[in-house]
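The values are calculated or read from the model by the stated rules, or taken from the named source; none is laboratory data. All figures in this text were calculated on a predicted structure; none of them were measured in a lab. Positions of Cβ are generated from backbone atoms using ideal geometry, with glycine treated the same way; all protein chains shown enter the neighbour counts.
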Ligand code: ADP
Ligand code: ADP
């Protein structure tokens, strides 16, 4: 299973070409940092990888069975639902019993320094907590591809390191992890760097 960018480029109707001629094969087990200055097209490339956006040049080749999961910069949770349940539901969906699902969800919340807010409703979480929760939920779903937009932008250095380690572990379990980031620490924690500055036309 892999995800191949074959000569991919993009230009919105209103603008200039953001990047062009990206040819790269993304493979499970690796973490890719998509970097470049603000406006370089990092989010655009994630949208293309997710299949939500057709590139105006080239194509994306993905295995039919690939499940991809997307973690946006703005967390989308269910306001009245407990933090724990967001993650437990992902395990339930994979066939775990309620007890197993809650146990695994608690472990994952602990890893993400969210153990103390497990019983809190989503609407009471801080921005950083909510974002980490969305990441924990995505990890619990064990996707083939995980696309993450700026996962460490709102985090202190220590928590950011925890998040980066978890993303690395997810990759080791056979996921392709792609992270759009400005954060040097996050970039350095990735196995590969895709610098959009190198693909300007
Ligand atoms: P980055 O994530 O690197 O900051 P983006 O992919 O968000 O870059 O945006 C790249 C450029 O494309 C920006 O100039 C942005 O304004 C523009 N852009 C983003 N989405 C659209 C859209 N739907 N239509 C037109 N222009 C867009
Ligand atoms: P599996 O057989 O699905 O790997 P495990 O019982 O070994 O199940 O692990 C339970 C779940 O824990 C995994 O499905 C995985 O989603 C999740 N998990 C916990 N921590 C991490 C992590 N840091 N990175 C990736 N997955 C994690």
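Looking across segment 158-184, the residues that are over 14 Å from residue 131 (Cβ atoms), out of contact with any helix residue (DSSP H, G or I) (no Cβ under 6 Å at 6 or more places or on another chain) and not in a strand (DSSP E or B) come down to 158, 161, 165, 168, 169, 171, 172, 173, 174, 175, 182, 184.
Is it the case that some residue within segment 90-111 is crowded, with 21+ Cβ neighbours inside 10 Å, modelled with pLDDT of 95 or more, within 20 Å of residue 151 (Cβ to Cβ) and touching a strand residue (DSSP E or B) at 6+ places or on another chain (Cβ under 8 Å)? No, every residue in segment 90-111 fails to be crowded, with 21+ Cβ neighbours inside 10 Å, modelled with pLDDT of 95 or more, within 20 Å of residue 151 (Cβ to Cβ) and touching a strand residue (DSSP E or B) at 6+ places or on another chain (Cβ under 8 Å).
Does segment 57-67 contain any residue that is more than 16 Å from residue 179 (Cα to Cα), under 19 Å from the mean Cα position of the chain (by Cα) and within 16 Å of ligand 2 (Cβ to nearest atom)? Yes, that holds for at least one residue. With the requirement that a residue be surrounded by fewer than 16 Cβ atoms within 10 Å (Cβ to Cβ) and near ligand 2 (Cβ under 9 Å from one of its atoms), what does segment 142-167 give you? Residue satisfying the conditions is 165 alone. Just one of the listed residues (80, 58, 36) is touching a helix residue (DSSP H, G or I) at 6+ places or on another chain (Cβ under 6 Å) and either modelled with pLDDT of 95 or more or within 30 Å of residue 23 (Cα to Cα) (or both), and it is 36.
Please pick out the residue among 33, 88 that is closer than 28 Å to residue 128 by Cβ, touching a residue at least 60 places away in the same chain (Cβ under 8 Å) and not in a loop (DSSP other than H, G, I, E, B).
Numbers: 88 fails: touching a residue at least 60 places away in the same chain (Cβ under 8 Å).
After applying the criteria, what remains is 33.
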